[in-house]
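These notes are about the structure you will find just below.
The values are calculated or read from the model by the stated rules, or taken from the named source; none is laboratory data. Quick caveat: nothing in here was measured; it's all calculated off a predicted structure. Quick reminder, even Gly has a Cβ in these numbers, built from the backbone with ideal geometry, and neighbours come from all protein chains shown.
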Amino acid sequence: MQKSALVIAIDGPSASGKSTVSRLVARRLNFNHVDSGSLYRGVAWFLLERKTRLDDARAVAAALGKISMDFMARNNAILFSINGSGLESELRSEAVNEIVSPVAALPAVREWVVDRLRRLVAYGSLVMEGRDIGTAVFPDAPFKFYLDASPAERARRRALESGGMPAFDAVLRSITKRDKTDSTRARDPLKVAEGALVIQTTQMSAGQVADLIVSAVSRKEG
């Protein structure tokens, strides 16, 4: 990590509020926001495009060798393109949603993505959200937070984001399944990082959580 660059690691399960909170914190502190999950989605999209079998380690490794991920800082966020293609809605497609979790569990993919995440300190101080930022990507980050909320609240939030489609019960099942996959994978499982401040967001707004994080960072920096 560059001496001049600070990293705020914000981890937590799906729909715990990481994305909204991380963007708010980045804007308030004039840091760059990094959604680590979008890189895994980018890799999943690329593997889909190439019709790569996820159970074929050599094929996955070969595909990773053909990805050129170029980054840029814009409006307090780090964005990227893949082989010259800017991706937005493609990363949130149903096809990507279905495979991103197993893709992110592949050791070769995790190593590839983590290497690129660590390079992003070249763009300055970061607010990086994910599931293993404080444990694996930047274990020495000076600021670590873990956001959590009840499964029911997280399912409610995700259902609202999608306009009620799919239904709450389906979203809850999906979140529960993703939690199990993320917390039991062999490589860099989802867990609370050592020294992280755990924030239960069930009864909190995104603004309130961001206030708490900014206050904690300011106290430590001061």
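Could you please let me know if Ser93 is modelled with pLDDT under 95, among the hydroxyl-bearing types (Ser, Thr, Tyr) and within 17 Å of the chain's Cα centre (by Cα)?
It is true that Ser93 is modelled with pLDDT under 95, among the hydroxyl-bearing types (Ser, Thr, Tyr) and within 17 Å of the chain's Cα centre (by Cα).
Any chance segment 110-131 includes a residue that's more than 28 Å from Asn30 (Cα to Cα), among the small types (Gly, Ala, Ser) and under 17 Å from the mean Cα position of the chain (by Cα)?
Looking for residues that are more than 28 Å from Asn30 (Cα to Cα), among the small types (Gly, Ala, Ser) and under 17 Å from the mean Cα position of the chain (by Cα), one finds none in segment 110-131, hence no.
Looking only at segment 169-206, filter to residues that are in a helix (DSSP H, G or I) and touching a Leu at 6+ places or on another chain (Cβ under 7 Å); which one of those is nearest to Arg23 (Cα to Cα)?
Ala206
I'd like to know if segment 3-12 contains one or more residues that are in contact with a His (Cβ under 8 Å, 6 or more places away or on another chain) and either in contact (Cβ under 8 Å) with a residue 60 or more places away in the chain or not small (Gly, Ala, Ser) (or both).
So far as segment 3-12 goes, no, none of its residues is in contact with a His (Cβ under 8 Å, 6 or more places away or on another chain) and either in contact (Cβ under 8 Å) with a residue 60 or more places away in the chain or not small (Gly, Ala, Ser) (or both).
With the requirement that a residue be surrounded by 14 or more Cβ atoms within 10 Å (Cβ to Cβ) and not in a helix (DSSP H, G or I), what does segment 138-165 give you?
Answer for segment 138-165, where residues must be surrounded by 14 or more Cβ atoms within 10 Å (Cβ to Cβ) and not in a helix (DSSP H, G or I): Phe138, Pro139, Ala141, Pro142, Phe143, Lys144, Phe145, Tyr146, Leu147, Asp148, Ala149.
Right, Arg110: assigned to a helix (DSSP H, G or I), touching a strand residue (DSSP E or B) at 6+ places or on another chain (Cβ under 8 Å), within 23 Å of Ser68 (Cβ to Cβ) and not aliphatic (A, V, I, L, M) or not?
Criteria not met by Arg110.
If Phe46 meets every condition in (1) surrounded by fewer than 24 Cβ atoms within 10 Å (Cβ to Cβ); (2) not in a helix (DSSP H, G or I) apart from one, which number is that one?
(2)
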